[in-house]
Amino acid sequence: MYSYLHRYHAGNFADVHKHLVLMATLNKLIQKPSPFCVLDAFAGEGQYRLDSEESKKNAEFENGIAPLLNLKPASLLVTQYIALIQRYNTESQIQTYPGSPEIIAKYLRTNDKGIFIEGHPSCYPILKNHFKGQANIHVHKRDAYEALSALIPFKEKRGLVFLDPSYEVKSEYEKIATQLIHLYAKFSNAIYLIWYPILVDGHHERLKEILHSHATLKLFQHEFYPKNTNLAHRLRGSGIILINPPWQIDEIIREAFTELESVFL
Ligand SMILES: C[S@@+](CC[C@H](N)C(=O)[O-])C[C@H]1O[C@@H](n2cnc3c(N)ncnc32)[C@H](O)[C@@H]1O
């Protein structure tokens, strides 16, 4: 348990995928003035140095965010994403990559709330320190599954639950899907965004099978298979499922990835 460290993978093509979908969802949430809450249950460190020894080890960002930085995109979502990443970097060099909590924090208005959960003993203090002094952001060191049961439903009545587990054990695909079914039964108004890796072993199929077998769930699934994936990393593709997808988000995501496929060829 807790042998996974996201700093080895930050900014890879799976981060590009999940963070674009995350931003597309947050764009929809800020369209209404009423307050919302975002619960990021597997938050990581908040922000990553891509020039750290860990990031440079496999340099996964070179097949992820790096080739996108100088793109002049046509799609609004990709334009927003690149503009956000550029705020942390100089034009010519990528050194910093914002994780999901940092991206979420950029969208929160004064009355919105962010709850970030991280259980790793060395990641939690980094995350906690990163958001020190921000009144509408709550960072907890606790088990994500226990926190999800305890904190849902939100009192805000609307919001997003972002689920980005590390899948260190293969039983986690089933565990997270089953928990999602329970959470939905308690709080069917929320949007749920779950990310899964598409690996050669195919264990992610179990997660999809469980969610798709619940006919009452409104789902949007999107998978991204960049052609230049380094197969040595076993990661063949990246998948997301949105439960209660906001209106027309499917078109926004497909448009963005049609454009990105040419970069990842
Ligand atoms: C894939 S990383 C998160 C990356 C982050 N969501 C982002 O997009 O920047 C998964 C994180 O979840 C944490 N984690 C894994 N299992 C957990 C659990 N049961 N409870 C709390 N944190 C957990 C890991 O320590 C790791 O930092």
Original post:
Pulled fully out, how much extra length does the chain show between Gln221 and Arg49, if you take 0.36 nm times their separation in residues and subtract their Cα-Cα distance?
Top reply: 58.9 nm
Subject >> Computed FRET value (nearest 0.05) for Arg142 with Glu255, which takes r as the C-beta separation and R₀ as 51 Å >> reply: 0.85
**OP:** Pull up all non-local amide H partners of Ile115: gap of 5 or more, or a different chain, and H-to-H distance under 5 Å with H placed in the peptide plane.
**Re:** Val38, Leu39, Asp40, His138
**OP:** Order Ser149, Ser75, Ser92, most accessible first, counting only protein heavy atoms with a 1.4 angstrom probe.
**Re:** Ser92, Ser149, Ser75
Original post:
Pick from Arg158, Arg142, Arg87: which is most flexible by mean-square fluctuation in a GNM of the chain where alpha carbon atoms under 10 Å apart are linked?
Top reply: Arg87
**OP:** Grab the DSSP H runs of the chain that are 4 residues or longer, score each as -39,500 (n - 2.57), total them, divide by all residues and round the 222 nm result to the nearest 500 deg cm²/dmol.
**Re:** -11000 deg cm²/dmol
**OP:** Report, by chain and number, residues whose modeled amide H sits under 5 Å from the one on Gly237, excluding near sequence neighbours (fewer than 5 apart, same chain).
**Re:** Ile198
Subject >> GNM flexibility winner over the chain from Pro98, Pro121, Pro35 (Cα, springs under 10 Å) >> reply: Pro121
Subject >> Computed FRET value (nearest 0.05) for Lys186 with Ser92, which takes r as the C-beta separation and R₀ as 45 Å >> reply: 0.40
Original post:
Tell me, what is the FRET efficiency for Lys157 and Arg234 to the nearest 0.05, using R0 = 30 angstrom and their Cβ-Cβ distance as r?
Top reply: 0.15
Original post:
Label point 7 Å out from Tyr2 along Cα-to-Cβ: which residues of segment 23-54 have amide N under 16 Å?
Top reply: 42-46
Original post:
Karplus couplings for segment 211-216 from phi (6.51 cos²θ - 1.76 cosθ + 1.60, θ = phi - 60°), rounded to Hz, Gly and Pro as x?
Top reply: 5, 6, 6, 9, 4, 6
**OP:** Given the options Ala105, Ala135, Ala24, state which has the largest fluctuation in a GNM of the chain using a 10 Å cut-off (strictly under) for Cα springs.
**Re:** Ala135
Subject >> Accessible surface ranking that places the most exposed of Lys113, Lys128, Lys18 first, with a 1.4 angstrom probe >> reply: Lys128, Lys113, Lys18
**OP:** Working with all protein chains in place, sort Lys208, Lys57 by solvent-accessible area computed with a 1.4 Å probe, largest first.
**Re:** Lys57, Lys208
**OP:** List, in order, the whole-Hz ³J(HN,Hα) value for each residue of segment 28-44 obtained from phi through the Karplus relation with A = 6.51, B = -1.76, C = 1.60 and θ = phi - 60°; use x for Gly and Pro.
**Re:** 6, 4, 7, 6, 9, x, 5, x, 10, 10, 10, 9, 9, 7, 10, 7, x
Subject >> Derived scalar couplings ³J(HN,Hα) [segment 130-139; Karplus, 6.51 cos²θ - 1.76 cosθ + 1.60; whole Hz; x for Gly, Pro] >> reply: 4, 9, 3, x, 9, 4, 9, 10, 10, 10
Subject >> Ile30 versus Asn70: modelled label distance in nm, points set 7 Å from Cα along the beta carbon direction >> reply: 2.9 nm
Original post:
If the cut-off is a Cα-Cα distance under 18 Å, which aspartates and glutamates reach Lys175, setting aside same-chain residues fewer than 8 apart in sequence?
Top reply: Asp40, Glu118, Asp143, Glu146, Asp164, Asp201, Glu205, Glu209
**OP:** With a point put 7 Å past each Cα toward its Cβ, work out how far Ala150 is from Ser171 in nm, to one decimal.
**Re:** 2.2 nm
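The values are calculated or read from the model by the stated rules, or taken from the named source; none is laboratory data. The model shown is predicted, which means the values in this text are computed figures rather than measured ones. Quick reminder, even Gly has a Cβ in these numbers, built from the backbone with ideal geometry, and neighbours come from all protein chains shown. Surface areas here come from the heavy atoms of the whole protein model, side chains and all, with no ligands, DNA or RNA. Shrake-Rupley method; radii C 1.70, N 1.55, O 1.52, S 1.80 Å.
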